[in-house]
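Just below is one structure, and these are the notes that go with it.
The values are calculated or read from the model by the stated rules, or taken from the named source; none is laboratory data. The structure presented is a predicted model; accordingly, all values stated were derived computationally and were not measured. Positions of Cβ are generated from backbone atoms using ideal geometry, with glycine treated the same way; all protein chains shown enter the neighbour counts.
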Amino acid sequence: MAATAFSDLVNKSPVYAAYMEAMLPEKIQLVRSGAVSINPRSDVVGEFSRHGGKTFSIPFYKEISQSHAELLTANTNLTRRAMTTGADIGVVCARGLAMSGEDIAAIFAGTDPVREAARQMSNFWARQLDISLIKVLSGAIASETAYQLDKSAQEFSPDLLIDAADILGDEGDSLSIVIMHSKVAHKLQKANILTYPNATDVGANHLLREGRIGQRVVFVTDQAPVASSVYSTFLLRPGAMSLYYQKNLKLEANREPLLAGGTDDLVSTIHYVPHLNYIKWIGTASGTTPTDTELATSGNWDSVAGNTKDVGAVEIKSLATL
């Protein structure tokens, strides 16, 4: 079974890569939440993919300042004002996964080995993209403490969601997506603060992935940061983050007959840019591409927002207990 499946994979790896790539969006937690848009700027993605590079510049027009409104006065010309521009700068994350020998044989143990390989590897890459997106979110917000509500000595409560939304003032209601750790979510569920509308369909003890706190949709992931029993909960605006692909998911299969009497290799690679809009990368990676730790480092990010309300994300730091 393993040898036959592997031979099939060698011949059709581009097809399987496309199949895996098609499965990714529905598996990436932050994409499914609506907080992350994939390749939202088609006008710049093509050039980015063609010319490569370690960073990705995303130009944008800044909002017109309300202070520019002028009183109409007889015999007086209005002031001509130009549209001003800025640029986000994202950083390319290059990641790969190589499997060989018994690892591949284990993957191909199912009745439909190709589908099983695609399922496992698409799950792997979806988790990796979620990790990178949350690392960027954590590091970028830490670089701009105006977007943090630090209640590290306080238990989480729904009031904190209101206080955090207030950071964006009259734009606070746009923060309709909540990303939180399962420890916080479980406590809220026990207190009937976090509800799951369809829970009766699957049993009262089943924790669905998408719940509600008031009008906000809650997505639960243990990738949400936790340090010394202090948990990070994020409120996001739809489309607050972007995920760009410099090089789409690629799958290559190979067999080395001389290595250990025959070794099968399955390699997948992807180059992507996980990005919080209106925050730019200013860091220098220690290697050819930044580590997850470097993505989460506050000193590697800086704001390019015209005002606080441009950035559609805030962070709550709190205890999980109620």
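Overview of results
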{"read-out": "Residue match in region 75-90 (condition: closer than 11 Å to Val273 by Cα, modelled with pLDDT of 80 or more and not acidic (Asp, Glu))", "value": "yes"}
{"read-out": "Strands (runs of 3 or more DSSP E) (entirely within region 271-322) containing at least 2 residues that are farther than 30 Å from Lys190 by Cβ", "value": "279-281, 301-303"}
{"read-out": "Of residues in region 99-147 being surrounded by fewer than 17 Cβ atoms within 10 Å (Cβ to Cβ) and of a type in the set (S, T, N, Q), the one modelled with the lowest pLDDT", "value": "Thr111"}
{"read-out": "Number of the exception - Leu236 against (1) farther than 16 Å from Ser33 by Cα; (2) touching a residue at least 60 places away in the same chain (Cβ under 8 Å)", "value": "(1)"}
{"read-out": "Subset of region 188-235 (residues that are among the small types (Gly, Ala, Ser), modelled with pLDDT under 70 and at negative phi)", "value": "Ala199, Ala204"}
{"read-out": "Which listed residue is modelled with pLDDT of 95 or more and either on the phi > 0 side of the Ramachandran plot or surrounded by fewer than 22 Cβ atoms within 10 Å (Cβ to Cβ) (or both), from Gly299, Gly262, Gly312, Gly306", "value": "Gly299"}
{"read-out": "Options Glu21, Glu26: the member that is modelled with pLDDT of 75 or more, part of a helix (DSSP H, G or I), surrounded by 12 or more Cβ atoms within 10 Å (Cβ to Cβ) and not small (Gly, Ala, Ser)", "value": "Glu21"}
{"read-out": "Criterion (closer than 30 Å to Phe156 by Cβ, touching a Lys or Arg at 6+ places or on another chain (Cβ under 7 Å) and not small (Gly, Ala, Ser)) met by exactly one of Thr321, Thr291", "value": "Thr321"}
{"read-out": "Checking Asp163 against (1) part of a strand (DSSP E or B); (2) modelled with pLDDT of 95 or more, the condition it does not meet", "value": "(1)"}
